[in-house]
Amino acid sequence: QVQLVESGGGLVQAGGSLRLSCLVSGLAFNGYAMNWYRQRPEKERELIATAPMAGPATYADSVKGRFTVSRVHAKNTMYLQMNSLKSEDTAVYYCHFKRDSREYWGQGTQVTIAS
């Protein structure tokens, strides 16, 4: 059974940093592009970062230059380093990937930025 488990969320002051983790179990994720999404209060879920199997990551404009996605295949884990956090980064953050026509999501981790 494939599972994605996020961790690392919490409450941090504006300008601070957090690192989120996404542990994938049930398969080797090195064959798939991996994504981070977030859902801000009263907003739709949005794609913010993609870590491809190879090559450079891509980012939404709202986080470009502040967030960095990485993946460690030996640990089957993806990370999201978030710096210079702003109040508008407050959201539930989800990791995600797609295999064939099926999508897999984690349960989400809450990130709250205090201004």
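Please find, among V111, V12, V24, the residue that is surrounded by fewer than 19 Cβ atoms within 10 Å (Cβ to Cβ) and assigned to a strand (DSSP E or B). Explain how you work it out, then say what you get.
Numbers: V111 fails: surrounded by fewer than 19 Cβ atoms within 10 Å (Cβ to Cβ); V24 fails: surrounded by fewer than 19 Cβ atoms within 10 Å (Cβ to Cβ).
Just one listed residue meets the conditions, V12.
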Note to self: Can you report the number of residues in region 71-97 which are outside any helix (DSSP H, G or I), open to solvent by 10 Å² or more (accessible area, probe 1.4 Å) and over 17 Å from V5 (Cβ atoms)?
What the structure shows: 5
Check: Are any residues in region 1-57 modelled with pLDDT under 95 and touching an Asp or Glu at 6+ places or on another chain (Cβ under 9 Å), and if so, which ones?
Finding: none
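Is at least one residue of region 30-49 in a helix (DSSP H, G or I), under 25 Å from A74 (Cβ atoms), open to solvent by less than 60 Å² (accessible area, probe 1.4 Å) and touching a residue at least 60 places away in the same chain (Cβ under 8 Å)? Lay out the reasoning, then the answer.
Kept after step one, since they are in a helix (DSSP H, G or I), are these residues of region 30-49: 30-31.
Going one step further and asking which of them are under 25 Å from A74 (Cβ atoms), we end up with 30-31.
Now narrow it down to the ones that are open to solvent by less than 60 Å² (accessible area, probe 1.4 Å): 31.
If we keep only those that are touching a residue at least 60 places away in the same chain (Cβ under 8 Å) as well, we get none.
Within region 30-49, none of the residues are in a helix (DSSP H, G or I), under 25 Å from A74 (Cβ atoms), open to solvent by less than 60 Å² (accessible area, probe 1.4 Å) and touching a residue at least 60 places away in the same chain (Cβ under 8 Å).
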Next item on the list: Enumerate the pairs (first residue in region 65-80 and over 16 Å from H96 (Cα atoms); second residue anywhere and of a type in the set (V, I, T) and in a strand (DSSP E or B)) with beta-carbon separation below 9 Å, excluding pairs fewer than 6 apart on the same chain, so at least 6 apart or on different chains.
Entry: F67/I48
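Do the conditions hold for D100, that is, is it of a type outside the set (K, R), closer than 14 Å to G9 by Cα and either open to solvent by 50 Å² or more (accessible area, probe 1.4 Å) or in contact (Cβ under 8 Å) with a residue 12 or more places away in the chain (or both)? Full working, then the answer.
Details: of a type outside the set (K, R): yes; closer than 14 Å to G9 by Cα: no; either open to solvent by 50 Å² or more (accessible area, probe 1.4 Å) or in contact (Cβ under 8 Å) with a residue 12 or more places away in the chain (or both): yes.
So D100 fails the test.
The values are calculated or read from the model by the stated rules, or taken from the named source; none is laboratory data. Here the structure is a predicted model, which means the values were calculated and not measured. Cβ sites come from the backbone with ideal geometry, for glycine too, and all protein chains shown count toward neighbours. With ligands, DNA and RNA removed, areas are computed over all heavy atoms of the protein, side chains included. Shrake-Rupley method; radii C 1.70, N 1.55, O 1.52, S 1.80 Å.
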